[in-house]
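Colleague: One structure is given below, represented as structure tokens, and several questions about it will come after.
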Amino acid sequence: MSFFSKLFRRRRYDDLNVSIREHIAERADELMADGMPRAEAEQTARREFGNVTLIEQKSREAWQWPKAESVGADIRFALRQLIKSPGFTVTAVVTLSLGIAVNATMFSMVSAFLLPHLPGRDPQSMVVVSSVDPDRQFQPDANPVSAPNYFAWGKQTRVFSAMAAADEYRTGSLSGKGQQPEAIPYAAVSPNYLSVFGVSPARGRDFLVGEDQPGRDHVVILSHGLWERRFGSDPSVVGRVVRLNREDYVVAGVMPADFRLLGFTPQLWTPLTLTAADATADARKNRFLDLFARLAPGVTLQQVRAHMNLLAQQAQQDFPAIEGHWGASVRMLPDFLQYNFGIRTALAVMMTVVGFVLLIACANVAGLLLTRAVGRQKELAIRMSLGATRVRVVRQLLTEGVVIALLGGGVGLFLAYMGIRVVQAGLSFNDAIADVKISLDSNVLIFAAVVSLVSAILSSVAPALKASRTEINTDLKSEGRGASSGRAHNRMRVFLVGGEIALALFLLIGSCLLIRGVYLLDHQKLGFNHDHLLTAGLVLDQARYADSPKQIQFVRGLVEQTRQIPGVEQTAVASDLPASGLSSVVFHIKGQPEARANEQKTTADAVVTPEYFQVAGVPLLHGRGFTERDDSAAPRVVLVNQEFVHKYFQDRDPLGKQVQLDTPGSPAAWSEIVGVVSDVKSYSEDPRIEPEVYEAYLQRPVASISLMLRSTVEPKSLAASLRQLIARIDPELPLLRVMSMDDVIEVQRNGNPLFTKLLGAFAVLALILSAIGIYGLIAYSVGQRTHEIGIRLALGAKASDISRMILREGLKVAGIGSAIGFALALPLPKLFESLFQGLILSAPGVYPLVVVVMLIVAFCATFGPAQRATHVDPTSALRNE
Amino acid sequence: MAKDSDRRDLFPGALELMILQSLRFRPMHGYALVKHIKQVSGDLLQVEEGSLYPALQRLLREGLLESEAGTSAKGRPTRIYRVTTPGLSHLEQEVSSFEKMFAGITRVLAVAKA
């Protein structure tokens, strides 16, 4: 039997038909030959043969793939049934498709961010080694590692078969003949970096051993993106010279497009040169290396962790002043990348929310199916009395549920396709995020299929089982005589709708708490004037601005000349923009006892020019600000903020006190506190205020600077003039991130706007779905109780009594559901506080407010059916049997 | 009805065996097959149509029979069934195992009588 002929099974059936027809005809002929009249002979032949249809069917079954065709028949029947009641079908399919669409859309993000395809060989045996700073609130165990620790830890061949180090966050200027200088993020990596990952360049070669030595280190490997964009995918780029940070580098290779490490998006790689200075004790303060290692065969993560803890303790004992309380942590590479990317919590909350939305949708569909099953009770009773088994009936009803879910899944995927585009458009707030492409990939398709089937089961099992428990006799006999029938049937629906409302209320409260928290952050007072400020970043490279006098000279000239731009009122330079996160340093106060290693004092640290406080609008509270005379020749001075005074001087006057900052790479010096300025939020997206010290740029210049122009006009209109000015001062110096301070703050909101929008949308969806649920319940119940209402009206009940009775029924369900949801939502602020640091979440007022909204919505949803109930005409209601 | 015809099957496979044996020397159509079996068995065996046609389809599916378009004695179109080569070897195998079984049963019955 060939496979091919199986495809032509239809023909066999026809053949069978021919055979049987001939069989009967021949028998009839024979009977007629015996003298029977034709009509009687034909009838007898037919009777003797038996049930043609049945025999044909049994014969066909010989060919059938077990049951497949009867399932097919079920599906066809289900489709016919669904087409017959379009209102029900559309409601159910749309409800489910919405639930499935939001799930698929959110899961596409999970698929893109949490199930990334990691490059290289066996990424599951790669680990990342980090430093642990217990003082830090945000990801304390994902800090980079110092060079001396890299030297020590890289030698641990017992646990690591290879280790590479990377300084991932460098900014360099890429210049070339006839091209605008461009600031690009790049990474300096140990020459074995790519080979540890098990990847190699798509073109050209990997770094060679020894290319980390000064003099041989001027080679670069380009990322695929940079090669495409800046070099026009030129295949002859390998071997060519490019200018990076004003020096000539030879292009050694180009990486393949798929080499990406989630949060790390360098556009090129250079060898990392570490010198003798990087091995000194002082270099331990400078933690800037991410360590990627491959586990030695047979070594487990637990073993590595234990081993690294020992090494970290060793370092603490050997260098208590610097290593103090610092520890070491090891994570698997995929785990580290996701953790470092910091998107897990938000995604987990989103997935939970959409999961709840789906549950609500399923409850709605289950309610609809229940209603339908009640309407079809007689049909089912007839089918069962004709011999359909209970299993058969359940299967038929389940098939219907599955068909609805699959239709919903199909429509849902289409909606998800559009949803993904919306989400992708919203995910552009930073380069690393924008780099991740979200799509309807196979993971999402599988997920959607599974979700559809699960929702089919969730929404149709209970109704199917319930319907199949039909009592043939009672159902066939009863003509719905009961005055208020359907009480028992309703119990499950009441339960479903109550559950829906509880879930929706829970979601609404949770969303409101989070949205309110984010709103408060967005509208918090930052402590400085952020309007009318144009900002830009500059990195003064080693080649031209190697020493402090050159940096100071450049910055002085820059402040002076930018002030000349029409529309600019005042200019300042600082190591960092206000409210954009500052580096934290350990410091000492003269005359105060040295703290133990694990209780070191830390403070945020900014280096600013004298104009900074005026330009940023940060008021000076006591003492004096910086002046031009606070230069390298003058005694070192610093300003501190109020929080610093509060925390370290218990609000006593700090003026005249001496502090010393342990800044990496600069000699220790005592500085006098000469002034106190008002607090500025440490981050625009966080309510925290940290103690802060301001140093004078003229006394401690830094290479990476931010420029702030206070303008009298729209700040962005000054961008072009600023670019021209910089190009005139130094044509090879690229300007970074030229944007208004307001835009900087907007960017720093990160995913918050998208997060709250999605959250809000899902919460509203949940509310609408539960409103539909309660509407469906009450409308159905009114329909069932028409007879009872007719009697009540006939006995003299007023229309208002009836509508009040119906409303009470709706509000009772809503009230019970709300009470449960309310109780469930009580621990939410605690939970969220542990998930989202920096959000103000305690808002008891939200709870009653949301409950009131919920009850109003429930009232509105019940109002329609209640009104309809009052229009029941007693005579027709009672006659209508 | 279905159970009835099942009971009349002596043992599983007996009907198939008789169909194959009947068609071995002369390809026939369905009605002829019924008459043939009835005649040869001296009216002892009556083949139910309800069992015959499913059995024929099973044999077709397993490739033991093949069918072709033909005409009946009265000139009406029908399907003629014919044993295939695998069908023949299957028949021989089944007949030999049937004979062994029958011999075995006979002996057991003989002992029981004695």
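Colleague: Looking at A:L855, A:L831, A:L878, which one is part of a helix (DSSP H, G or I) and under 15 Å from A:V782 (Cα atoms)?
Modeller: That would be A:L878, the only listed residue that is part of a helix (DSSP H, G or I) and under 15 Å from A:V782 (Cα atoms).
Colleague: So, in region A:34-64, exactly how many residues are outside any loop (DSSP other than H, G, I, E, B), within 11 Å of chain B (Cβ to nearest Cβ) and among the aliphatic types (A, V, I, L, M)?
Modeller: So the answer is 4.
Colleague: Take A:G815 and decide whether it is modelled with pLDDT of 85 or more and either assigned to a loop (DSSP other than H, G, I, E, B) or surrounded by 20 or more Cβ atoms within 10 Å (Cβ to Cβ) (or both).
Modeller: no
Colleague: Also, I was wondering about something else. Please identify the pairs in which a residue from region B:42-61 that is over 13 Å from A:E48 (Cβ atoms) has its Cβ atom under 8 Å from the Cβ atom of a residue that is acidic (D, E) and modelled with pLDDT of 80 or more, counting only partners at least 6 apart or on another chain.
Modeller: B:A55/B:E16; B:R58/B:E16; B:L59/B:E16; B:L60/B:E66
Colleague: A further question on this structure: Any idea which residue in region B:88-103 is nearest to the other protein chains (Cβ to nearest Cβ), counting only those that are out of contact with any strand residue (DSSP E or B) (no Cβ under 8 Å at 6 or more places or on another chain) and in contact (Cβ under 8 Å) with a residue 40 or more places away in the chain?
Modeller: Applying the filter and picking the extreme gives B:H90.
Colleague: For region A:383-405, how many residues meet the condition of being surrounded by 21 or more Cβ atoms within 10 Å (Cβ to Cβ) and among the basic types (K, R)?
Modeller: Within region A:383-405, residues that are surrounded by 21 or more Cβ atoms within 10 Å (Cβ to Cβ) and among the basic types (K, R) number 0.
Colleague: For A:V677, all conditions in the list (1) modelled with pLDDT under 95; (2) closer than 27 Å to A:I552 by Cβ hold save one; what is the number of the exception?
Modeller: Looking at each condition in turn, A:V677 falls short on (1).
Colleague: Turning to a different aspect of this structure: So which of A:R395, A:R372 is in contact with a helix residue (DSSP H, G or I) (Cβ under 8 Å, 6 or more places away or on another chain) and under 17 Å from A:T91 (Cβ atoms)?
Modeller: A:R372
Yes or no, residue by residue, for (1) farther than 30 Å from A:I772 by Cβ; (2) assigned by TED's automatic domain parsing to the domain that holds A:G773; (3) in a helix (DSSP H, G or I):
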{"position": "A:Q303", "(1), (2), (3)": "yes, no, yes"}
{"position": "A:Q313", "(1), (2), (3)": "yes, no, yes"}
{"position": "A:H325", "(1), (2), (3)": "yes, no, no"}
{"position": "A:V349", "(1), (2), (3)": "no, no, yes"}
{"position": "A:F356", "(1), (2), (3)": "no, no, yes"}
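Colleague: Quick one: is B:L17 away from chain A (no Cβ under 12 Å), surrounded by 13 or more Cβ atoms within 10 Å (Cβ to Cβ) and at pLDDT 85 or above?
Modeller: So B:L17 passes the test.
Colleague: Can you name the residue in region A:179-233 that is of a type in the set (D, E) and touching a residue at least 24 places away in the same chain (Cβ under 8 Å) and, of all such residues, is farthest from A:D278 (Cα to Cα)?
Modeller: So, considering only residues that are of a type in the set (D, E) and touching a residue at least 24 places away in the same chain (Cβ under 8 Å), the one farthest from A:D278 (Cα to Cα) is A:E182.
Colleague: Does region A:15-54 hold any residues that are at positive phi and modelled with pLDDT under 85, and which are they?
Modeller: Of everything in region A:15-54, just one residue is at positive phi and modelled with pLDDT under 85, namely A:G50.
Residue-wise test of (1) loosely packed, with under 13 Cβ neighbours inside 10 Å; (2) at positive phi; (3) within 17 Å of the chain's Cα centre (by Cα).
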| residue | (1), (2), (3) |
| --- | --- |
| B:Q46 | yes, no, yes |
| B:E49 | no, no, yes |
| B:L56 | no, no, yes |
| B:T85 | yes, no, yes |
| B:V108 | yes, no, no |
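Colleague: Return the only residue of A:L465, A:L458, A:L453 being without any contact (Cβ under 8 Å) to a residue 60 or more places away in the chain and not in a loop (DSSP other than H, G, I, E, B).
Modeller: A:L453
Colleague: Restricting to region B:60-87, and then to whatever is assigned to a loop (DSSP other than H, G, I, E, B) and either under 12 Å from A:V18 (Cα atoms) or touching a helix residue (DSSP H, G or I) at 6+ places or on another chain (Cβ under 7 Å) (or both), can you tell me which residue is farthest from the other protein chains (Cβ to nearest Cβ)?
Modeller: B:L64
Colleague: Could I ask something else about it? Can you pull out the residues in region A:243-263 that are acidic (D, E) and either under 31 Å from the mean Cα position of the chain (by Cα) or crowded, with 19+ Cβ neighbours inside 10 Å (or both)?
Modeller: Scanning region A:243-263 gives a single hit, A:D258.
Colleague: Quick one: which strands (runs of 3 or more DSSP E) sit completely within region A:567-655 and have at least 3 residues that are within 42 Å of the chain's Cα centre (by Cα) and of a type outside the set (F, W, Y)?
Modeller: In region A:567-655, the matching strands (runs of 3 or more DSSP E) lie at A:568-574, A:583-589, A:601-608, A:637-641.
Colleague: Something else now. A:D335 versus (1) surrounded by fewer than 21 Cβ atoms within 10 Å (Cβ to Cβ); (2) outside any helix (DSSP H, G or I): which is the lone unmet condition?
Modeller: The single condition A:D335 does not satisfy is (2).
Colleague: From the list A:L415, A:L458, A:L440, exactly one residue is at pLDDT below 85 and surrounded by 15 or more Cβ atoms within 10 Å (Cβ to Cβ). Which is it?
Modeller: A:L458
Colleague: In region A:22-45, how many are over 11 Å from B:E49 (Cα atoms) and surrounded by 14 or more Cβ atoms within 10 Å (Cβ to Cβ)?
Modeller: 15
Colleague: Select from region A:147-200 the residues that are in contact with an Asp or Glu (Cβ under 6 Å, 6 or more places away or on another chain) and either among the β-branched types (V, I, T) or farther than 22 Å from A:S125 by Cα (or both) and list them in ascending order.
Modeller: Scanning region A:147-200 gives A:A147, A:L174, A:S175, A:P181, A:A187, A:A188.
Colleague: Would it be correct to say that A:A405 is within 16 Å of the chain's Cα centre (by Cα), farther than 14 Å from A:M106 by Cβ, assigned by TED's automatic domain parsing to the domain that holds A:A373 and assigned to a helix (DSSP H, G or I)?
Modeller: no
Colleague: Scan region A:302-317 and report the pairs whose first residue is closer than 12 Å to A:R331 by Cα and whose second residue is modelled with pLDDT under 95 and in a helix (DSSP H, G or I), with Cβ atoms within less than 8 Å and a gap of 6+ or a chain change.
Modeller: Sorted first by the residue in region A:302-317, then by its partner, the pairs are A:M308/A:W153.
Colleague: Regarding region A:271-286, can at least one residue be identified that is modelled with pLDDT of 90 or more, within 25 Å of A:R544 (Cα to Cα) and either among the hydroxyl-bearing types (S, T, Y) or surrounded by fewer than 22 Cβ atoms within 10 Å (Cβ to Cβ) (or both)?
Modeller: Yes, region A:271-286 contains at least one residue that is modelled with pLDDT of 90 or more, within 25 Å of A:R544 (Cα to Cα) and either among the hydroxyl-bearing types (S, T, Y) or surrounded by fewer than 22 Cβ atoms within 10 Å (Cβ to Cβ) (or both).
Colleague: Within region A:731-774, can you find the residues that are in contact with a Phe, Trp or Tyr (Cβ under 8 Å, 6 or more places away or on another chain), surrounded by fewer than 19 Cβ atoms within 10 Å (Cβ to Cβ) and either over 21 Å from A:A579 (Cα atoms) or of a type in the set (K, R) (or both)?
Modeller: Within region A:731-774, A:R749 is the sole residue that qualifies.
The values are calculated or read from the model by the stated rules, or taken from the named source; none is laboratory data. Everything numeric here is computed off the predicted structure, so don't read it as measured data. Using ideal geometry, Cβ is built from the backbone for each residue, glycine included, and neighbour counts are taken over all protein chains shown.
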